[in-house]
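J.: Okay, handing you the structure first.
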């Protein structure tokens, strides 16, 4: 760490590190220097937030809650036990996610929009947007909506309305429960509650309709089969009656416990077995046909609904396992969709994991379609096999029946007909009972959703949140202000940090002077009446600024190797750096040490020093250099009465060629004469960059004091001035010293000025 430590009886001035690396401290210094920009940015953002709160439409939130119950009923769909039994957590989550996706579906949204006529409300009217208008100019336009068409037949209107609806509606699954919350925002609290209630009721009706349609479709097909069974039963019963009239059945002569005649025949036993096989094959063929009819639809929802039907689930173990697999795949599909939405909302569409998850989702969906196709194919094969089995069994039955007719004549035929009629009747009654049970099941087990809390109007708006808007405006203001402040500080070419001078010039500043308002002590009349007594060295001799000047005086005397400088050139890169002000105060300080000091106004273009004494002399440096005085300017010198030992050499009338006079040998000789007559000669010269006068004079003096003003002088201007002065050859071992003037106290930058008397930091 490079430090500048300038000691005096009352002042210590410290400069911080010269490291060029950008650290947190450097960033803090930048922000502190530009804190007004940050304050302004925060203020503007805060006012904009207040304005936005005033003009933003108040929106009310209505919240409804439903419970997704477990299916735990009897064969008739009636629950007998209210105690929950343990179940698979993954299956529970799949059911909850499925119901949540149904709530977010477009079909349910369109139903609510049409029922409540939301399209006619103010929120759903299409508003003009400049961004949408620009994209509309460059993007291809689709076919316009037909005039007077419904919402379902108007694609453009439907997309816009659904987009607005989904933006205002939120569906959330409550973690760790079977509850789902539905929220909706609207300027009308009554409308918000109505939308939520219609959504909940629509979900219940949708679940009912889905299950009812699946069961009704199977029941419709069974009805057709039952009609054939009923006709067949009637024919068999009529045949039994007809054959009984002339039957000759072998009897054992005994009756059973029920009072029926006992007969015996191996052929009849064989026929009985064949008859049972025919009945089972026919029943199997009917059930397999029902499954195949549902599987042909290819709808996973309908197919998976077969798993809850006790008639069809027990007909084929292969179909049952496939239905279980479809349910598991649909669970995986719901889980992957949830993960995809969560990652898209959290990390954005470019997150690498999204592509992998989307691929897994497509694979699961493909597996569902493949499994549905396999179920359809398996159901078809089962149906064909059942038909063939029924045909083969019936052939065996016909053969046994022929043998029985041959063996037992009409009596055995009567017994067979009776048995066949009874079995057919039993099959018919069983299927009829199950069909009625299915219809009742479709009505009683329609849904497992109950409404816990219906949507209700609220008295306070949910948006906008004033605290969030105001806090967000402050954060945004700080962010924007910091960004602008850093950009402004980086692009500012003026000297902001004393350490920059060391890094760029390779020369350490001789001294750092605190900020001093040069006109702060002026009276209320005019600048022309400004008295010399109001200079800080005379008016405030114990101030921070004067103590810093004393440190400058000491450092200037010790800046040269060997003897102290006898002549010092005071200049600056540009005008307005405070060189004349510092020249006056520095000259007075040297004079107060008991030295004879000559302050020469070497600015022959814009002379100033004589104005501070309220004088207008006719002679000066220009007349001496022009040869109009032979006493080396003694007659033109003006003693400063307020400061004993201090004389002023005014600039005199403005000559036509100032640079030629200042670069003449006469100027060099004159300066040597003055050095022999005075202890110190201070030359207040013009700026370096506008004119070449200071560059010329720098070759005649022992020391140069190059003054740069903090936060005003461009660093490039200081660097250029330093290089121009350094390039001038000098035979007096001239020393070029840099002085930074007008530095405001910045603790973060190491610009701290301590006052000994007050024992505390005093900010200039």
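J.: Can you put 125, 463 in order, fewest other beta carbons within 10 Å first?
T.: 125, 463
J.: Could you please rank 28, 674, 133, 584, placing first whichever residue has the fewest other Cβ atoms within 10 Å of its Cβ? Walk me through the intermediate numbers first.
T.: Numbers: 28 12, 674 21, 133 9, 584 25.
Ranked by crowding around the Cβ, least crowded first: 133, 28, 674, 584.
J.: Compute the distance from the alpha-carbon center of the range 95-127 to that of the range 372-392, in whole Å.
T.: Each part reduced to its Cα centre gives a spacing of 42 Å.
J.: Here's another thing I want to ask about it. In a solvent-free Debye calculation with one equal scatterer on each Cα, what is log10 I(q)/I(0) for the range 494-761 at q = 0.12, 0.14, 0.16 Å⁻¹, listed in the order of the q values?
T.: Log-scaled intensity ratios, in q order: -0.70, -0.97, -1.29.
J.: Give the share of C-alpha pairs in each 10 angstrom bin for the range 162-207, from 0 to the last occupied bin, in whole percents, shortest bins first.
T.: Over the range 162-207, the share of Cα pairs per 10 Å bin runs 24, 52, 23, 1 percent.
J.: Testing the spin-label approximation: label points 7 Å from Cα along Cα→Cβ at residue 422 and residue 558. State their distance in nm.
T.: Label-label distance for residue 422 and residue 558, simple model: 13.3 nm.
J.: Assuming 0.36 nm per residue, please report the length gained on full extension of the stretch residue 143 to residue 508 beyond their Cα-Cα distance.
T.: 123.9 nm
J.: I want to check the label-to-label distance for residue 488 and residue 351. Put each point 7 Å from Cα in the C-beta direction and report it in nm to one decimal.
T.: Here the modelled spin labels are 3.8 nm apart.
J.: I'd like the FRET efficiency for residue 387 and residue 276, computed as 1/(1 + (r/R0)^6) with the beta carbon distance as r and R0 of 22 Å, rounded to 0.05.
T.: E(calc), rounded to 0.05, equals 0.75.
J.: Taking the simple approach of a point 7 Å from Cα along Cα-to-Cβ for both residue 216 and residue 116, what is their distance in nm?
T.: Here the answer is 2.7 nm between the modelled labels.
J.: A further question on this structure: Which of 601, 631 comes first, and how do the rest follow, when ranked by fewest Cβ neighbours within 10 Å?
T.: 631, 601
Each reported figure results from applying straightforward, stated rules to the coordinates on display, with no laboratory input. Keep in mind it's a predicted model, so treat the numbers as computed, not measured. Positions of Cβ are backbone-derived with ideal geometry, glycine not excepted, and every protein chain shown enters the neighbour counts.
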